[in-house]
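A short write-up of the structure that comes next.
The values are calculated or read from the model by the stated rules, or taken from the named source; none is laboratory data. On a predicted model such as this, the values are computed, not experimentally measured, just so you know. Here the Cβ positions follow ideal geometry from the backbone for every residue, glycine too, while neighbour counts run over all protein chains shown. Accessible surface is based on the protein model in full, side chains and every heavy atom, while ligands, DNA and RNA are left aside. Shrake-Rupley method; radii C 1.70, N 1.55, O 1.52, S 1.80 Å.
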Amino acid sequence: MSEITPELVRHLAALARIEVSEAEVAQFASQLALIVESVATVKAAVSDEIFATSHPIPMANVFREDVVKPSLTQAQALSGAADSESGRFKVSAILDED
Amino acid sequence: MAKDQLMDYQKALDAYEVVIGLEVHVELNTNTKMFCGCANVFGDEPNTNVCPNCLGFPGAMPAVNGKAIENSIKIGLALDCQIAATGRFARKNYFYPDLAKNFQTSQYDEPIAFEGTIDIEVPSGKVFTVAIERAHMEEDAGKLTHVGGSTGRIQGAEFSLVDFNRAGVPLVEIVTKPIYGAGDEAPELAAAYVRSIREIVKNLGVSDARMERGNVRCDANVSIRPKGQEKLGTRTETKNVNSLRSIERAVKYEIQRQAHLLSQGTAIIQETRHWHEDRGATSSGRPKSDADDYRYFPEPDLVPIQPSKEWIEQLRATLPEKPAIRRKRLQELWVFSDLEFRDVVNSDLLDEIDDTVKAGAKPQAARKWWTGELARIANSEDKDIAELSITPTQVAQIAALVESGKLTDRLAREVLTCVLAGEGNPEEIVAKRGLEVVSDDGALLAAIDQVLSEQPDVLEKIREGKLQAAGAVIGAVMKAMAGSADAARVRELVIQRANEL
Ligand SMILES: [Zn+2]
């Protein structure tokens with residue numbers, strides 16, 4: 001299992017655009033390590049008799065009425081954007097198209 | 001950009017067998033988006049129909065739009081599909097700024113509908129049965145605008161602007177199985193297939209089905225293989241084909257392009273290609289492999305969909321008739337010849353004429369207006385006929401004015417032009433512009449008497465029974481009435497008056 005280093009935490013935080021203090025880096029590193037370890041124990045339970053489960057409780061058909069609810073305003077929507085222009089989120093040029 | 005070399009179409013078909021596959025995305029016209037209560041509206045100010053859900057904020061929880069599920073099941077049933085006992089949503093992971101979540105909520109191995117068929121008639125009258133592999137639900141992505149660079153296109157763009165109003169709009173993607181044996185009619189079949197899908201979703205009332213707005217979008221897979229070869233050729237997937245005409249052209253182009261390459265011993269690259277309507281060509285996009293890793297996994301925030309048999313049967317009972325059956329019924333109802341009817345279908349005017357007849361017009365009059373004058377105008381303005389700003393009701397009103405003798409054909413065409421120019425409804429235009437045929441015999445008689453008194457020799461000839469002489473009088477009267485008289489009535493009155501005077 002790869003180790004959760006402070007560098008990795010800083011990298012993840014940058015990807016997620018979350019500002020973290022040095023104290024938090026240390027704290028998250030140990031917490032994340034624990035989570036990764038815990039998840040890894042699940043692997044031991046996988047066998048042919050046990051099917052993958054995506055939900056802990058058997059439920060189906062939970063639907064919402066097709067009724068419009070208030071949305072955010074444009075200003076609210078863009079308030080967290082790194083950059084915006086003409087009411088739209090501004091992102092760096094994209095090389096690939098699909 | 002280097003121009004592709006193309007093989008002559010007929011030569012290509014002599015040497016190669018064509019296999020196509022079509023993926024059609026249908027945007028549903030629900031009030032709200034697929035997983036949140038934001039309005040599903042086209043053309044609003046950017047980023048005004050967005051919320052934490054469709055902006056991908058952490059902690060936001062999706063909630064499935066029940067109406068979208070219902071509409072998706074209806075589409076599946078209309079395509080004679082089986083409806084899955086259990087359908088599930090999955091996350092399709094990809095990194096592109098048109099979806100803020102970094103995944104698209106879609107369906108993977110448990111689509112809501114699968115294994116259907118649809119009969120498609122091509123212009124020659126031949127009918128192909130197209131097998132549907134699946135119809136699954138997913139959400140649309142946001143709209144990107146590429147800014148900068150010389151062409152305004154993605155290559156060379158300096159930055160991109162994102163509007164997330166469309167992100168999360170419910171989509172149903174309908175995927176065919178490979179279609180063999182269409183031969184030289186493969187391009188027409190592709191267009192006729194999309195036309196039928198559009199007709200189905202429109203008649204179901206589940207989509208606005210306007211291709212020019214992207215409500216119905218098609219990706220066309222095309223591959224060719226030397227005749228007699230069992231192994232399928234490498235396919236390309238052409239995107240952005242958003243009109244029936246472009247679908248036909250794009251498929252034909254790919255057949256010719258691929259045939260040229262294969263004949264030169266060059267391998268076809270499996271890739272996404274983009275259709276450019278302006279230059280009538282496809283261009284290379286990104287390479288694509290079947291192993292594209294989207295790391296699909298079941299969406300943990302949404303529970304499975306298990307439509308009950310009762311619900312499915314209830315929805316089945318609401319289905320409108322199938323396109324093929326509807327066409328047969330309408331042709332019989334309207335008493336159109338095969339040729340007339342095929343012309344209507346291939347001009348894509350079935351719904352317009354149906355609506356016009358429903359609004360009270362005689363079928364032949366409706367057909368004449370749409371396939372004649374309106375098609376001519378659309379063509380001369382290089383527009384799709386659906387883009388003309390006239391409704392079937394307005395066409396029916398014009399037809400009714402002609403039918404009742406209030407307008408001549410010439411005046412009716414003038415009124416039509418005014419309707420298209422946005423001057424209002426036919427009746428209003430007739431009143432405002434004083435275009436109505438003068439049916440007041442008094443005014444006509446006065447004009448006739450005047451002309452006859454000016455031309456006594458003509459009057460004499462008419463009296464002697466030389467009726468062709470009346471032509472000069474009719475012409476002069478029509479001129480005096482500034483064209484707003486019914487020529488047949490004028491003729492009647494001229495003869496009547498000549499014998500009375
Ligand atoms: Zn939303």
* **At 1.306 mPa s and 10 °C, Stokes diffusion of chain A via Kirkwood alpha-carbon radius, µm² per second** => 84
* **chain B, helix-only ellipticity at 222 nm - DSSP H runs n ≥ 4, -39,500 (n - 2.57), divided by all residues, nearest 500** => -11500 deg cm²/dmol
* To do: Count neighbours as other Cβ atoms within 10 Å of each site's Cβ, and list the chymotrypsin sites (Phe, Trp or Tyr not before Pro) in the stretch B:162-225 that are DSSP loop with at most 15 such neighbours.
  => B:180
* Asked: Quick one: Debye curve from the C-alpha atoms of the stretch B:268-325, no solvent, what's log10 I(q)/I(0) at q = 0.12 Å⁻¹?
  -> -0.79
* Asked: Using a 1.4 Å probe on the protein chains only, how many percent of the accessible area of the stretch B:115-257 belongs to carbon and sulfur?
  -> 44
* Give, in nm to one decimal, the length gained when the segment between residue B:23 and residue B:117 is fully stretched (0.36 nm per residue of separation minus the Cα-Cα distance). => 32.4 nm
* To do: Round to the nearest 0.05 the FRET efficiency obtained for residue A:32 and residue A:68 when R0 = 30 Å and r is the Cβ-Cβ distance.
  => 0.15
* Structure fact -> Taking Cα pairs closer than 8 Å and at least 6 residues apart, the relative contact order of chain A in percent is 15
* Asked: For the stretch B:201-308, which trypsin sites (Lys or Arg not before Pro) are in a loop by DSSP, counting at most 13 other Cβ atoms within 10 Å?
  -> B:227, B:231, B:279, B:295
* Which whole-number value in Å² is the accessible area per residue of the stretch B:67-211, probe 1.4 Å? -> 34
* Cα lying deepest toward the dipole's positive end in the protein assembly as shown, options B:280, A:67, A:80, charges on Cβ -> B:280
* Cα gyration tensor of the stretch B:277-367, axes a ≥ b ≥ c as square roots of the eigenvalues: rounded (a/c below 1.5), prolate (a/b > b/c) or oblate? -> oblate
* Asked: Out of every Cα-Cα pair in the stretch A:1-44, what percent are more than 11 Å apart?
  -> 64
* **Cα shape, chain B, gyration tensor, a/c 1.5 rule** => prolate
* Asked: Using the Cα gyration tensor of the stretch B:441-500, with a ≥ b ≥ c the square roots of its eigenvalues, what is the shape: rounded (a/c below 1.5), prolate (a/b larger than b/c) or oblate (neither)?
  -> prolate
* To do: With a cut-off of at most 14 other beta carbons within 10 Å, and DSSP calling the residue loop, which trypsin sites (Lys or Arg not before Pro) in the stretch B:1-100 qualify? Please list them.
  => B:3
* Calculated from backbone phi, Karplus (6.51, -1.76, 1.60) coupling profile of the stretch B:399-407 in Hz, x at Gly/Pro -> 4, 5, 5, 5, 4, 7, x, 6, 10
* Using a basic spin-label model with each label point 7 Å from the Cα along Cα→Cβ, how many nm lie between residue A:57 and residue B:332? -> 5.5
* To do: Run the accessible area of the stretch A:1-44 with a 1.4 Å probe and give the carbon-and-sulfur part as a rounded percent.
  => 63
* Binning at 5 Å from 0, report for the stretch B:185-309 what percent of all alpha-carbon pair distances ends up in each bin. => 2, 9, 16, 17, 15, 14, 13, 8, 4, 2, 0, 0
* **Dipole magnitude of chain B about its Cα centre (Cβ charges: Lys, Arg +1; Asp, Glu -1), debye to nearest 20** => 660
* **Protein accessible surface hidden between A and B, which excludes ligands and nucleic acids, total in Å², probe 1.4 Å** => 3500
* To do: Any chance you could check the Cα centroid distance between the stretch A:1-76 and the stretch B:197-244 for me, in angstrom?
  => 37
* Asked: Taking every pair of alpha-carbon atoms in the stretch B:321-433, what share in percent sits in each 5 Å bin, from 0 to the bin with the longest distance?
  -> 2, 12, 24, 24, 19, 12, 6, 2, 0
* For the stretch B:419-438 and the stretch B:72-150, compute the distance between their C-alpha centroids and round to whole Å. => 45
* From largest to smallest, what semi-axes in whole angstrom does the stretch B:78-183 give when each is the square root of 5 times an eigenvalue of its alpha carbon gyration tensor? -> 34, 22, 10
* Structure fact -> Taking only the alpha carbons of the protein assembly as shown, the radius of gyration and the largest Cα-Cα distance, Dmax, both in angstrom, are 31.6, 117
